[in-house]
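Engineer: I have a structure here, written as structure tokens, and I will follow up with some questions on it.
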Amino acid sequence: MKPIVIPPSPAWLALRREIEAIGEAIGEARGEARGKARGEARGEVRGEANALVVMLEARGFTVADADRERITGCDDVALLRRWITRAVRATALDEVFVEHDDAE
């Protein structure tokens with residue numbers, strides 16, 4: 001025995017399209033929010049890295065290419081801020097990048 005197939009009504013098809021459109025809009029909004037958050041985080045990291053380089057140069061330090069790459073390649077805002085704090089009082093460039101956990 002074959003099952004009876006009832007074609008969907010126009011109202012059902014319209015409702016289905018609305019539900020799909022709402023789902024799409026929600027997905028797009030989530031994607032946009034994630035993209036915006038990532039962009040803001042990248043901008044914050046880039047700003048901190050640039051600030052550190054500018055501060056070091058303003059204090060008279062020569063920032064070698066390797067150090068510049070280390071700074072601009074860092075994606076940890078907290079670490080960049082520790083380096084900035086150290087750069088304020090450093091008397092030598094290696095004091096900025098010291099590996100131990102000191103009290104800032």
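Bear in mind that the values in this text are calculations on the coordinates, not laboratory data. A quick note: this is a predicted structure, and the numbers were derived from the prediction, not measured. When we count neighbours, we look across all protein chains shown, and the Cβ atoms used for this are built from the backbone with ideal geometry, even at glycine.
Engineer: I need the full set of residues from segment 50-104 which are in a helix (DSSP H, G or I), surrounded by fewer than 16 Cβ atoms within 10 Å (Cβ to Cβ) and of a type in the set (Val, Ile, Thr), in order please.
Structural biologist: Of everything in segment 50-104, those that are in a helix (DSSP H, G or I), surrounded by fewer than 16 Cβ atoms within 10 Å (Cβ to Cβ) and of a type in the set (Val, Ile, Thr) turn out to be Val54, Thr72, Val77, Thr85, Val88.
Engineer: Additional query: Which one of Glu40, Glu44, Glu48, Glu57 is closer than 17 Å to Arg86 by Cβ, under 16 Å from the mean Cα position of the chain (by Cα) and among the charged types (D, E, K, R)? Show your work before the answer.
Structural biologist: Working: Glu40 fails: closer than 17 Å to Arg86 by Cβ; Glu44 fails: closer than 17 Å to Arg86 by Cβ; Glu57 fails: under 16 Å from the mean Cα position of the chain (by Cα).
None of the others qualify; the one that does is Glu48.
Engineer: Six or more apart or on different chains, Cβ under 6 Å: which pairs go from a residue in segment 46-62 that's in contact (Cβ under 8 Å) with a residue 40 or more places away in the chain to one that's surrounded by fewer than 17 Cβ atoms within 10 Å (Cβ to Cβ) and among the polar types (S, T, N, Q)? Could you list them?
Structural biologist: Hits for this filter: zero, empty list.
Engineer: Shifting gears a bit: What about Ala33, is it surrounded by 10 or more Cβ atoms within 10 Å (Cβ to Cβ), at negative phi, out of contact with any Pro (no Cβ under 6 Å at 6 or more places or on another chain) and assigned to a helix (DSSP H, G or I)?
Structural biologist: Numbers: surrounded by 10 or more Cβ atoms within 10 Å (Cβ to Cβ): yes; at negative phi: yes; out of contact with any Pro (no Cβ under 6 Å at 6 or more places or on another chain): yes; assigned to a helix (DSSP H, G or I): yes.
Yes, satisfied.
Engineer: Determine whether segment 9-26 contains at least one residue that is surrounded by 10 or more Cβ atoms within 10 Å (Cβ to Cβ) and among the polar types (S, T, N, Q).
Structural biologist: No, that holds for no residue.
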